[in-house]
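Right, one structure below, let's go through it.
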Amino acid sequence: MQRREYISSLVAGGCAGMFVDLTLFPLDTIKTRLQSQQGFYKAGGFRGIYAGVPSAAVGSFPSAAAFFVTYECTKSLLGAGGALSAPHAAPVTHMLAASLGEIVACLIRVPTEVVKQRTQASPFTTTYHTLLAALREEGVRGLYRGFGSTVLREIPFSLVQFPLWEYLKILWSRRQGHTLYSWQAAVCGAFAGAVAAFVTTPLDVAKTRIMLAKAGSTMASGNIPLVLYDVWKSQGLTGLFAGSIPRMTFISVGGFIFLGTYEKVRRTLL
C-alpha cells in the first residue's frame with residue numbers, strides 16, 4: 001500500500017466507525033439490556049438510553065481505523081503474489097484480512113466495550129465510575145475480560161460479512177458495467193451485515209454475559225461453551241438469540257452507514 005492509501009483507509013475507517021457508533025447507540029443499549037442476565041427492565045429498560053456513550057466515542061475511531069488499515073494492508077500483501085493473488089482465491093484473502101483486522105481492532109475495542117456495556121446495564125452510574133470500579137476490582141486485566149469471546153464473535157462475523165460484501169459489490173458492478181457508487185456499496189454492506197449479525201447472535205450473547213458478570217463468578221471466567229450452555233438451559237433458543245432484532249437492525253443500518261461512509265471518504269481522499 002502507498003502512503004496515501006494507508007492514510008485514506010485510516011481516516012475513512014475511523015470516521016465511519018465513530019459515525020455509526022454514535023448514531024445508532026440507543027439500539028446498542030437496548031440490545032445489551034435484552035442480553036443481560038438481570039433482564040431488560042432491571043438493566044434499565046428504556047431509561048438512560050445513552051448511558052456509556054463516552055466510552056463508545058473514545059474507542060470507535062481508533063478501533064475502526066485499526067481494523068481498516070489492517071484489512072486493506074493484508075489484502076494488498078496477500079494479493080501481491082502467490083496462490084492467494086488469483087481471482088478465485090479472493091474470498092479467502094478477504095476472510096484472512098478481515099480476521100486479522102478484527103484481532104488488531106479488539107485490542108482497542110474490548111476495554112471500551114467492557115466499560116460501555118457495564119454502564120449500559122447500570123444506567124444510574126457514569127462511564128468514569130464504571131471505569132474506576134473495573135480497575136479497582138480487577139485492574140487493567142479486568143478491562144480485557146471477554147477479549148477471547150469478542151474475538152471469537154468478531155472473526156466468524158467478519159468471515160461472513162466481508163467476503164459477502166466484496167462478492168455483492170463485484171456482482172452488482174458486473175451487471176451494471178461500472179464501479180459501484182458509494183450508496184450501492186452501502187446497500188451491499190447492509191445486507192451482508194444483517195446476515196452476519198443473525199448468524200453470530202449467540203456468540204454476542206455469550207460476550208455480553210461474560211463482560212457483565214460479577215468478578216470471580218463462573219461466567220466471568222470466559223468459558224464460552226459453558227456460558228452458551230447455561231443460557232440454553234435457562235432460556236432455550238430464545239435466550240441464545242436474545243437481542244437479535246436490534247442487533248440485526250443496528251448492524252444492517254450500521255453496515256449501510258459504515259461501509260458506505262468508508263467507501264465515500266476513502267474515494268474522496270484518494
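The values are calculated or read from the model by the stated rules, or taken from the named source; none is laboratory data. Because the structure is a prediction, the values reported are computed rather than measured. Neighbour counts are summed over all protein chains in view; Cβ atoms, including those assigned to glycine, are modelled from backbone coordinates with ideal geometry. To get the accessible areas, we keep the full protein, side chains included, count just its heavy atoms, and leave off ligands, DNA and RNA. Shrake-Rupley method; radii C 1.70, N 1.55, O 1.52, S 1.80 Å.
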remark   = Checked pairs for segment 48-59, first not assigned by the TED database to the domain that holds Leu27, second crowded, with 19+ Cβ neighbours inside 10 Å and at pLDDT below 90, C-beta under 9 Å and 6 or more apart or across chains, list as none
task = Could you grab the pairs with beta carbons closer than 9 Å, sequence gap of 6+ or different chains, first residue in segment 253-270 and within 12 Å of Val187 (Cα to Cα) and part of a helix (DSSP H, G or I), second one acidic (Asp, Glu) and at pLDDT below 80?
result = none
remark   = Considering segment 1-23, residues that are buried (at least 20 other Cβ atoms within 10 Å of the Cβ) and of a type in the set (A, V, I, L, M), and then whichever is farthest from Ser252 (Cα to Cα), we arrive at Leu10
query = When the residues of segment 119-131 are filtered to those that are crowded, with 24+ Cβ neighbours inside 10 Å and of a type outside the set (A, V, I, L, M), which remaining residue is nearest to Phe162 (Cα to Cα)?
reply = Gln120
query = Does Pro163 satisfy the condition of being in contact with a Pro (Cβ under 6 Å, 6 or more places away or on another chain), farther than 15 Å from Val114 by Cα and crowded, with 16+ Cβ neighbours inside 10 Å?
reply = yes
key: Sole residue being over 25 Å from Arg33 (Cα atoms) and either free of Cβ contacts under 8 Å to residues at least 60 places away in the same chain or in the same structural domain as Val110 (by the TED database) (or both), chosen from Gly177, Gly216   = Gly177
Residue in segment 180-199 that is closer than 30 Å to Thr268 by Cβ, outside any helix (DSSP H, G or I) and open to solvent by 20 Å² or more (accessible area, probe 1.4 Å) present = yes
ask   = Do we have any residue at all in segment 234-250 that's over 29 Å from Phe46 (Cβ atoms), open to solvent by 20 Å² or more (accessible area, probe 1.4 Å), out of contact with any strand residue (DSSP E or B) (no Cβ under 7 Å at 6 or more places or on another chain) and small (Gly, Ala, Ser)?
value = no
message = If I go through segment 173-222 residue by residue, how many of them are closer than 22 Å to Lys42 by Cα and in contact with a helix residue (DSSP H, G or I) (Cβ under 8 Å, 6 or more places away or on another chain)?
response = 17
Candidate set: segment 34-80, residues that are touching a Gly at 6+ places or on another chain (Cβ under 6 Å), of a type outside the set (A, V, I, L, M, F, W, C) and surrounded by 23 or more Cβ atoms within 10 Å (Cβ to Cβ); chosen: the one modelled with the lowest pLDDT = Tyr71
